[in-house]
Amino acid sequence: MFLFFFRLIFSIFYSILFILQNIFFIVICGSLLVGTFGALKQLRIKRFLAYASINQVGFIFFGLACGNIGGLVASLIYVFLYSLMSVLFFTIILQSEHLLTNKTVVYLSDFYTLESYSTKNLQYLIVAMFSMAGLPPLGGFVGKLLLYIVAIDSRLDFVVFFSLFLSIISTFYYINFIHYLWFIKLNLARLFFFNYDKLINSILLSLVICLLSFVILLPFCYATFYSLAFSCV
């Protein structure tokens, strides 16, 4: 969907991109506002992920607002990294199962007993949260850093400072969630357990390694994303 949208903007509407930039600024600021403050008080996992995704879309539009090939490459890299983070998070969710209803986890608090069943899954989930928050040296940090470099080079100063301010708030609820997962021991009924499958565990480990080492893999992957960006132009 994003590749189609990128191609639509840079191939058909590129001649009026200077007009669309003002719309992109509104979309970026609106997405960051709604996503940041909407996710603060969410208790359900689906709603939390929905608002977090709105927040991430605001960063993806950074590249479009820049209006150059560098911004497009940075947006493609961020879409790729956010896809890895989402797959990692959803795979851990789908591994969970309620002892009585056989349903997956519904509330964020259902993860609080994760350490009792699978320390590895807990560590994978923390890596996904840290990466979504954009903390170094994880992939989410690399993606946001590239977007900020291109945005500063394109003189989008107001949007950069606005997003940096909201990033501090969004980082709070990611780290606060990790704080409850790792440090707060809640006396909850242990009704959820987490399945262990060698194939799924291998996939999770591969995603975690990619997020942890993307800063090293970036020079080798940049040419691929650059050629993909040219195919969208």
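From F130, F192, which residue is at pLDDT below 75, under 20 Å from Q42 (Cβ atoms) and surrounded by 14 or more Cβ atoms within 10 Å (Cβ to Cβ)?
So the residue among F130, F192 that is at pLDDT below 75, under 20 Å from Q42 (Cβ atoms) and surrounded by 14 or more Cβ atoms within 10 Å (Cβ to Cβ) is F192.
Give region 22-52 a look and list any residue that's polar (S, T, N, Q) and buried (at least 16 other Cβ atoms within 10 Å of the Cβ), or say none.
Residues satisfying the conditions are S31, T36, Q42.
Taking only region 21-47 into account, find how many residues are more than 14 Å from S167 (Cα to Cα) and either outside any helix (DSSP H, G or I) or in contact with a helix residue (DSSP H, G or I) (Cβ under 7 Å, 6 or more places away or on another chain) (or both).
Summing the residues that are more than 14 Å from S167 (Cα to Cα) and either outside any helix (DSSP H, G or I) or in contact with a helix residue (DSSP H, G or I) (Cβ under 7 Å, 6 or more places away or on another chain) (or both) in region 21-47 gives 9.
Somewhere in region 2-17, is a residue under 29 Å from I175 (Cα atoms) and surrounded by 15 or more Cβ atoms within 10 Å (Cβ to Cβ)?
Among the residues of region 2-17, at least one is under 29 Å from I175 (Cα atoms) and surrounded by 15 or more Cβ atoms within 10 Å (Cβ to Cβ), which makes the answer yes.
Out of F158, F111, I need the residue that is within 18 Å of L40 (Cβ to Cβ) and over 18 Å from the mean Cα position of the chain (by Cα). Which one?
F111
Among the residues of region 48-69, are any at positive phi, outside any helix (DSSP H, G or I), in contact with a helix residue (DSSP H, G or I) (Cβ under 8 Å, 6 or more places away or on another chain) and at pLDDT below 85?
Taking every residue of region 48-69 in turn, at least one turns out to be at positive phi, outside any helix (DSSP H, G or I), in contact with a helix residue (DSSP H, G or I) (Cβ under 8 Å, 6 or more places away or on another chain) and at pLDDT below 85.
Restrict the check to region 10-19 and report whether at least one residue is out of contact with any Leu (no Cβ under 7 Å at 6 or more places or on another chain), assigned to a helix (DSSP H, G or I) and within 17 Å of M129 (Cα to Cα).
No; the residues of region 10-19 include none that is out of contact with any Leu (no Cβ under 7 Å at 6 or more places or on another chain), assigned to a helix (DSSP H, G or I) and within 17 Å of M129 (Cα to Cα).
Specify which of the listed residues (F2, F18, F25) is touching a residue at least 24 places away in the same chain (Cβ under 8 Å) and closer than 25 Å to T91 by Cβ.
Going through F2, F18, F25 in turn, just one is touching a residue at least 24 places away in the same chain (Cβ under 8 Å) and closer than 25 Å to T91 by Cβ: F2.
The values are calculated or read from the model by the stated rules, or taken from the named source; none is laboratory data. Nothing here was measured: the structure is a model prediction, and the numbers come from that model. For neighbour counting, all protein chains shown are included, and Cβ atoms are generated from backbone atoms with ideal geometry for every residue, glycine included.
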